[in-house]
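Below is one structure, written out as structure tokens; comments come after it.
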Amino acid sequence: MVTPMRENGDVDYDGAARLATYLVDEQRNDGLIISGTTGESPTTSDDEKDRLLRAVLEAVGDRAVVVAGVGTNDTRHSIHLAESAARAGAHGLLLVTPYYNKPPQEGLIRHFTAIADSTDLPVMLYDIPGRTGTPIASETLVRLAEHPRIVANKDAKDDLGASSWVMERTDLAYYCGTDILNLPLLSVGASGFVSVVGHIVGADLHDMIDAYESGDVHRALAIHRRLTPVYTGIFRTQGVITTKAVLNMFGLPGGPVRTPLADASIELQALLREDLAAAGVKGPIGLAPHQAVPASVVGVERLTEGSA
């Protein structure tokens, strides 16, 4: 989930509660990840993360799984964040691969194991070498899966062969972390998606999972193809930028991004409206993207199989 901001750059906690409610009750997301990269975790403080998590738990924690992103490139800092999230009542933890310092695989095992040992919460790993510079090797994932609390993997390695190999050898629940590959990864055994476009078409993604699991592969494929313009549009640039732009178009809490990100230009917003229109996406108040009003005018996961 993005972290809504006010125009002055402060976190909009009331807006976060409203957005979380919309994503769960209207977009049918089974769970939310708070303070992941899409939540601008690199530029929010520990105190902001804690208050944000508590606001979302209060809003939807009784009917959705709320997972706290606590991964950093510092094991001790990650443990601190994990313990803080556990005290706040988080239902699970997301641990991204340490970034920039490029640890060896043994270092990854020690890092993830130490954090998993620090609380009683279930852990989802986040394998995204394109951002972190370090893949979690397939053999490493198999070893980590032996830990009783490491139960899932958000897979953004974009290697269906490697993902299949690990799923054949472990009980890890795989969640697709690259939206365009949602259906392909589902076809080789994924449990669901940790999705950016779920802000906008979460209900459609839920329908796609339901269709696939019921054996209606043709309907799942039709949904996938209809959503292709959304996948393309949201990743025209960094996903937080485009997602907040769309939320703002539809009068939902989003607000600006924090630097070093930069808000969507007028030209990019126009392209996004075309992308959404091509997929037939309408906002929560029934507006087509070209009719969307500014945010100032409108007030407004489980770690188990089958989650969107």
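The values are calculated or read from the model by the stated rules, or taken from the named source; none is laboratory data. Here the structure is a predicted model, which is why all the values come from computation and not from measurement. Methodologically, a virtual Cβ is constructed for each residue, glycine included, from the backbone with ideal geometry; neighbour enumeration extends over all protein chains shown. All accessible areas refer to the heavy atoms of the entire protein, side chains included, with ligands and DNA or RNA removed. Shrake-Rupley method; radii C 1.70, N 1.55, O 1.52, S 1.80 Å.
Specify the residue that is nearest to residue 5 (Cα to Cα); the eligible residues are those in region 239-272 that are under 17 Å from the mean Cα position of the chain (by Cα) and not hydrophobic (A, V, I, L, M, F, W, C).
Applying the filter and picking the extreme gives 254.
Checking residue 84 against (1) touching an Asp or Glu at 6+ places or on another chain (Cβ under 7 Å); (2) not in a helix (DSSP H, G or I): exactly one of these is not met. Which one?
That leaves (2) as the condition not met.
For the condition within 28 Å of residue 132 (Cβ to Cβ) and either among the acidic types (Asp, Glu) or touching a helix residue (DSSP H, G or I) at 6+ places or on another chain (Cβ under 6 Å) (or both), what is the one hit in 74, 62, 14, 25?
74
For residue 138, only one of the following conditions fails: (1) open to solvent by 20 Å² or more (accessible area, probe 1.4 Å); (2) under 21 Å from residue 23 (Cα atoms). What is its number?
So the condition that residue 138 fails would be (2).
Residue 95 is checked against (1) buried (at least 20 other Cβ atoms within 10 Å of the Cβ); (2) of a type outside the set (Asp, Glu); (3) farther than 18 Å from residue 44 by Cβ and fails just one. What number does that condition carry?
It is condition (3) that residue 95 fails.
Could you please find all residues in region 162-172 being open to solvent by less than 50 Å² (accessible area, probe 1.4 Å) and either out of contact with any Lys or Arg (no Cβ under 9 Å at 6 or more places or on another chain) or among the aromatic types (Phe, Trp, Tyr) (or both)? Reasoning before the result, please.
Here is the first cut: in region 162-172, the ones open to solvent by less than 50 Å² (accessible area, probe 1.4 Å) are 162-164, 166-167, 170, 172.
Selection gives 162, 164, 166, 167, 170, 172.
From (1) within 22 Å of the chain's Cα centre (by Cα); (2) at pLDDT 95 or above, pick out the condition that doesn't hold for residue 305.
Only one criterion is unmet by residue 305, namely (2).
Report the residue count in region 54-72 for those that are part of a loop (DSSP other than H, G, I, E, B) and either of a type in the set (Ser, Thr, Tyr) or buried (at least 18 other Cβ atoms within 10 Å of the Cβ) (or both).
Adding up the residues that qualify gives 5.
Hey, residue 89 hits all of (1) within 18 Å of residue 194 (Cβ to Cβ); (2) surrounded by fewer than 22 Cβ atoms within 10 Å (Cβ to Cβ) but one; which does it fall short on?
All conditions are met except number (1).
Tally up the residues in region 148-158 that are closer than 19 Å to residue 97 by Cβ and part of a loop (DSSP other than H, G, I, E, B), please.
4
May I ask you to say which residue of 46, 30 is surrounded by fewer than 22 Cβ atoms within 10 Å (Cβ to Cβ) and under 14 Å from the mean Cα position of the chain (by Cα)?
None of the other options fit; the residue is 30.
Of the conditions (1) surrounded by 15 or more Cβ atoms within 10 Å (Cβ to Cβ); (2) farther than 23 Å from residue 18 by Cα; (3) of a type outside the set (Lys, Arg), residue 214 satisfies every one except a single condition; which number is it?
Every condition holds for residue 214 apart from (1).
Looking only at helices (runs of 4 or more DSSP H) that lie completely in region 159-258, which have at least 3 residues being out of contact with any Phe, Trp or Tyr (no Cβ under 9 Å at 6 or more places or on another chain)? Reasoning before the result, please.
Details: elements: 160-169, 182-187, 198-213, 217-234, 239-249.
Those helices (runs of 4 or more DSSP H) span 160-169, 198-213, 217-234, 239-249.
Does residue 295 satisfy the condition of being at pLDDT below 95, touching a helix residue (DSSP H, G or I) at 6+ places or on another chain (Cβ under 6 Å), surrounded by 15 or more Cβ atoms within 10 Å (Cβ to Cβ) and over 18 Å from residue 178 (Cα atoms)? Before the answer, list the steps.
Details: at pLDDT below 95: yes; touching a helix residue (DSSP H, G or I) at 6+ places or on another chain (Cβ under 6 Å): yes; surrounded by 15 or more Cβ atoms within 10 Å (Cβ to Cβ): yes; over 18 Å from residue 178 (Cα atoms): yes.
Taking the combined requirement at face value, the residue satisfies it.
Would you confirm, using the coordinates I've provided, whether residue 24 is over 18 Å from residue 245 (Cα atoms), open to solvent by less than 30 Å² (accessible area, probe 1.4 Å), part of a helix (DSSP H, G or I) and touching a Lys or Arg at 6+ places or on another chain (Cβ under 9 Å)?
Yes: the conditions hold for residue 24.
Could you grab me the full set of residues in region 186-206 that are farther than 27 Å from residue 165 by Cβ and surrounded by fewer than 18 Cβ atoms within 10 Å (Cβ to Cβ)?
Of everything in region 186-206, just one residue is farther than 27 Å from residue 165 by Cβ and surrounded by fewer than 18 Cβ atoms within 10 Å (Cβ to Cβ), namely 203.
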